[in-house]
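Presented below is the structure to which this report refers.
The values are calculated or read from the model by the stated rules, or taken from the named source; none is laboratory data. Since the structure is predicted, the reported quantities are computational estimates derived from the model, not experimental observations. Neighbour counts are summed over all protein chains in view; Cβ atoms, including those assigned to glycine, are modelled from backbone coordinates with ideal geometry. Just the protein is used for accessible areas: all its heavy atoms, side chains included, with ligands, DNA and RNA removed. Shrake-Rupley method; radii C 1.70, N 1.55, O 1.52, S 1.80 Å.
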Amino acid sequence: QVQLVESGGGLVQPGGSLRLSCAASGSIGSITTMGWYRQAPGKEREIVATITSGGSTTYANSEKGRFTISRDNAENTVYLQMDSLKPEDTAVYYCYARIRLMLFYSSNDYWGRGTQVTISS
């Protein structure tokens with residue numbers, strides 16, 4: 001009923017930039033929080049940044065000042081601008097959204113399939 005589709009991953013050199021996008025589609029009533037998580041090989045999934053429908057943002061400490069999360073509520077899309085990328089940013093990046101489906105009262109968490117980001121020279 002709901003799909004989250006990420007795009008924008010790829011291979012960049014250290015110090016470079018990437019912009020990830022994630023569009024939610026389906027029988028969406030409303031979306032509260034959207035965000036990005038990442039999982040590096042051999043590590044647990046960790047939060048990168050989140051943004052509420054009102055525009056309040058949170059960031060993991062290591063991303064503050066380098067990453068910027070934003071969203072377009074009309075398009076149900078969340079973005080992650082990543083600058084000054086480091087090799088340790090290499091991971092699969094997953095989009096997340098807390099969505100209330102149309103005709104339902106409660107919200108559930110939805111995830112995208114992930115997009116690979118590789119930082120290497």
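In region 45-66, which residues are in a strand (DSSP E or B), within 19 Å of residue 9 (Cα to Cα) and more than 11 Å from the chain's Cα centre (by Cα)? Reasoning before the result, please.
First pass over region 45-66, keeping only residues in a strand (DSSP E or B): 46-51, 57-59.
Subset that is within 19 Å of residue 9 (Cα to Cα): 46-50.
Correct list: 46 only.
Given 114, 65, 55, which one is open to solvent by 70 Å² or more (accessible area, probe 1.4 Å) and either touching a strand residue (DSSP E or B) at 6+ places or on another chain (Cβ under 9 Å) or free of Cβ contacts under 8 Å to residues at least 60 places away in the same chain (or both)? Among 114, 65, 55, only 65 is open to solvent by 70 Å² or more (accessible area, probe 1.4 Å) and either touching a strand residue (DSSP E or B) at 6+ places or on another chain (Cβ under 9 Å) or free of Cβ contacts under 8 Å to residues at least 60 places away in the same chain (or both).
When the test is whether a residue is of a type in the set (Lys, Arg), open to solvent by 30 Å² or more (accessible area, probe 1.4 Å) and touching a residue at least 24 places away in the same chain (Cβ under 8 Å), residue 38 does not pass it.
Please work out if residue 11 is more than 15 Å from the chain's Cα centre (by Cα), aliphatic (A, V, I, L, M) and either more than 28 Å from residue 121 (Cα to Cα) or surrounded by 14 or more Cβ atoms within 10 Å (Cβ to Cβ) (or both). Walk me through how you get there before you give the answer.
Details: more than 15 Å from the chain's Cα centre (by Cα): yes; aliphatic (A, V, I, L, M): yes; either more than 28 Å from residue 121 (Cα to Cα) or surrounded by 14 or more Cβ atoms within 10 Å (Cβ to Cβ) (or both): no.
No: the conditions fail for residue 11.
Would you say residue 107 is polar (S, T, N, Q), surrounded by 14 or more Cβ atoms within 10 Å (Cβ to Cβ) and over 16 Å from residue 118 (Cβ atoms)?
So residue 107 fits the description; yes.
If you go through region 1-44 and keep only what is assigned to a loop (DSSP other than H, G, I, E, B) and within 13 Å of residue 78 (Cβ to Cβ), you end up with just 8. Would you confirm whether any residue within region 98-108 is more than 16 Å from the chain's Cα centre (by Cα) and of a type in the set (Phe, Trp, Tyr)? Yes, region 98-108 contains at least one residue that is more than 16 Å from the chain's Cα centre (by Cα) and of a type in the set (Phe, Trp, Tyr).
For region 14-25: of the residues being of a type outside the set (Lys, Arg) and either modelled with pLDDT under 95 or under 12 Å from the mean Cα position of the chain (by Cα) (or both), which is farthest from residue 109 (Cα to Cα)? Talk me through it step by step, then tell me what you get.
The first filter runs over region 14-25 and keeps only residues of a type outside the set (Lys, Arg), leaving 14-18, 20-25.
Still in the running and either modelled with pLDDT under 95 or under 12 Å from the mean Cα position of the chain (by Cα) (or both): 20-24.
Values: 20: 20, 21: 18, 22: 15, 23: 15, 24: 12 Å.
Among those residues, the one meeting the criterion is 20.
Which of the numbered conditions does residue 96 fail, given that it passes all the others? Conditions: (1) more than 19 Å from residue 6 (Cβ to Cβ); (2) open to solvent by less than 50 Å² (accessible area, probe 1.4 Å); (3) not in a loop (DSSP other than H, G, I, E, B). Only one criterion is unmet by residue 96, namely (1).
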